[in-house]
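The values are calculated or read from the model by the stated rules, or taken from the named source; none is laboratory data. What you are looking at is a predicted structure, and each value in this text was computed from that prediction instead of being measured. Reconstructed Cβ throughout: ideal geometry from the backbone, glycine too, with neighbour counts over all protein chains shown. In case anyone asks, the SASA skips ligands and DNA or RNA and just uses the protein heavy atoms, side chains included. Shrake-Rupley method; radii C 1.70, N 1.55, O 1.52, S 1.80 Å.
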Amino acid sequence: MKFIRTLALLLLGVSAASASREKPVIGLSLDTLKEERWQRDRDTFIGAAQKLGATVIVQSANSDDTRQVRDVESLISRKVDVLVIVPHHGEAMTRALRSAKEAGIPVIAYDRLILNAPLDYYLTFDNVKVGEAQATYVASRLPKDRPARIVRIYGAPTDNNARLFKQGQDNVLGPLIKSGRVQVVHEDHALDWKPENAKKIMNAAVTKAGRAIDAVIASNDGTAGGAIQALQEDGLAGKVLVTGQDADLAACQRILRGTQAMTVYKPLKNLAELAARVAVGVAKGETPATTGVINNGFRQVPTILEKIITVDRDNLRATVVADGFHREADLR
Ligand code: GAL
């Protein structure tokens, strides 16, 4: 009798395991749904995962670290097969990742790196190239007959990507600043990537440096929007080159209106579909191929970097509209 019961339990266990391999459950923990892009990432990821037979449980932490750790731990207690995380703070997830490791649940960092923790995969865009694209765009359009005066608005200090964007910008601007061709008249970090924080930085820049500003290197479209609001108050909108990132709808409208010069388009569909494939593969016990590794301070993490595209008014339709990222009708 005891043997039969053990056999039954064993078969149940096996069938449960194979069932979850067939229909994996993915835990998706997001920093926020505040920015337009994260809503798109969520929806595209869920659609792609469902097509692969998976179920997705979504949690959004509203930029609160304690809450995000709690979110991840509740997903672990619900026995998800794999975790996909967009961290608010790259260094605040260590405990949560240790719990996932103990529970035998693999973890994929989506877009932003999780630092100093046992991470299994990192899937993102080439973030250093984003910064290089922003700075190159500006550098090639600055006055040549006098030192150019620029403002730099960096992203959230909690976000490892903000550091990579700045690194890319420094790769291009460094020599220009050293030679005196470029002067940084003001620079600061926009906490939590908030547009209102970027506006305050731009107001402070005009107060400190006056109206003679040639360009603002804003690290994403949200912060670009905040800076342009401040420029509008001083009648400078459209007269100062402003960069961005994410090809938000509002940013694309500003680019066509001429108040923002460029954005960096990151085809989210590519990243979200890739992440769904990798998550489902890992849940099924596979080892998806990657293109490189990145050291997160704990280990060399298998990584895939997706390509980025520089967009301005000349190629906006051939890229963002052609891809169906935005409809022509919405751009007016
Ligand atoms: C970054 C992300 C950017 C931008 C920003 C604000 O990590 O790579 O696309 O959206 O966060 O959410």
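Brief remarks follow.
- Taking amide H positions as modeled 1.01 Å from N, with prolines and chain starts lacking one, the residues under 5 Å from ALA148 and 5 or more places away or on another chain are VAL182, GLN183.
- Assuming charge only on the beta carbon of Lys and Arg (+1) and of Asp and Glu (-1), the dipole of the chain about its Cα centre is about 200 debye to the nearest 20.
- Here the dipole of region 83-162 is about 400 debye; that uses its Cα centre as origin and unit charges on the Cβ of Lys and Arg (positive) and Asp and Glu (negative).
- Proportion of all alpha-carbon pairs of the chain beyond 30 Å (%): 39
- The angle separating the long axis of helix 2-22 from the principal Cα axis of greatest extent in the chain is about 20 degrees.
- When the chain is described by a simple charge dipole with +1 on each Lys and Arg Cβ and -1 on each Asp and Glu Cβ, the residue from TYR265, LEU30, LEU83 located farthest towards its positive end is LEU83.
- For the chain, carbon and sulfur atoms together expose 54% of the accessible surface, with a 1.4 angstrom probe and every protein chain in place.
- Accessible surface for HIS189 stands near 70 Å², nearest 10, in the context of the full protein assembly shown (1.4 Å probe).
- Highest to lowest packing among 216-223, 65-72, 156-163, scored as the average C-beta count within 10 Å: 216-223, 156-163, 65-72
- At q = 0.19, 0.22, 0.28 Å⁻¹, base-10 log of I(q)/I(0) for region 69-145 (Debye sum, equal scatterers on each alpha carbon): -0.75, -0.92, -1.30
- C-alpha long axis of helix 36-51 to longest principal axis of the chain, angle in °: 30
- Taking amide H atoms as placed 1.01 Å from N in the peptide plane, the amide H of ALA218 lies under 5 Å from those of ILE153, THR243, each 5 or more residues away in sequence or on another chain.
- Cα convex hull volume per residue for region 238-332 (Å³): 128
- Simple spin-label estimate for LYS307 and ASN116 in nanometres, 7 Å along Cα-Cβ: 3.7
- Eigenvalues of the alpha-carbon gyration tensor of region 156-286, scaled by 5 and square-rooted, set the equivalent ellipsoid semi-axes at 31, 18, 14 angstrom, largest first.
- Counting only protein heavy atoms and a 1.4 Å probe, the chain has 44 square angstrom of accessible area per residue.
- Plainly put, region 274-316 has a radius of gyration that is 1.18 times its Kirkwood radius, both from alpha-carbon atoms, as the Rg/Rh ratio.
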